[in-house]
Amino acid sequence: MEELLVIKEVAEYFKVTPDTIRKWIKKGKLRAIKVGKNWRVTVKDLERFVESGSSRMDIAENQENTKKKITK
C-alpha cells in the first residue's frame with residue numbers, strides 16, 4: 001500500500017497553510033483521497049503535482065493573494 005500524507009504534512013512541504021492545500025484539492029489541482037472525514041494525499045500524487053509545475057504557480061498565486069489581503 002502506498003504511503004498517505006495528511007494535509008498538514010503536504011502544507012509543511014510546500015510552506016503553505018492547510019487551507020491552501022484543501023483549496024487545491026477542492027479545485028481538482030491536487031488529487032487526494034477522503035479517509036473518513038479527512039483528506040490524504042499519496043506520495044505519487046504529490047510527486048505528479050510537483051512535476052506538473054502546478055505547485056509553483058499555485059504557491060505564487062497564494063502569496064499574491066496574501067499580499068493583497070495584508071495591504072487592504
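What the table shows:
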item: In the stretch 21-37, the residues that are surrounded by 11 or more Cβ atoms within 10 Å (Cβ to Cβ) and out of contact with any Asp or Glu (no Cβ under 8 Å at 6 or more places or on another chain); result: Ile21, Arg22, Lys23, Ile25, Lys26, Ile33
item: Enumeration of residues in the stretch 17-49 that are touching a Phe, Trp or Tyr at 6+ places or on another chain (Cβ under 9 Å) and outside any strand (DSSP E or B); result: Thr20, Ile21, Arg22, Trp24, Ile25, Lys29, Leu30, Arg31, Ala32, Leu46, Phe49
item: The stretch 4-16, residues that are surrounded by 15 or more Cβ atoms within 10 Å (Cβ to Cβ) and either part of a loop (DSSP other than H, G, I, E, B) or of a type in the set (Gly, Ala, Ser) (or both); result: Ala11, Val16
item: The stretch 1-22 residues that are closer than 14 Å to Thr42 by Cβ, paired with ones that are surrounded by 14 or more Cβ atoms within 10 Å (Cβ to Cβ) and among the polar types (S, T, N, Q) (beta carbon under 8 Å, 6 or more apart); result: Glu2/Thr42; Glu3/Thr42; Leu4/Thr42; Leu5/Thr42
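Quick note: the coordinates plus some simple rules give every number you see, no bench work behind them. Worth saying up front: this structure is predicted, and the values here are computed from it rather than measured. Don't worry about glycine lacking a Cβ; one is built from the backbone with ideal geometry, like all the others, and counts go over all protein chains shown.
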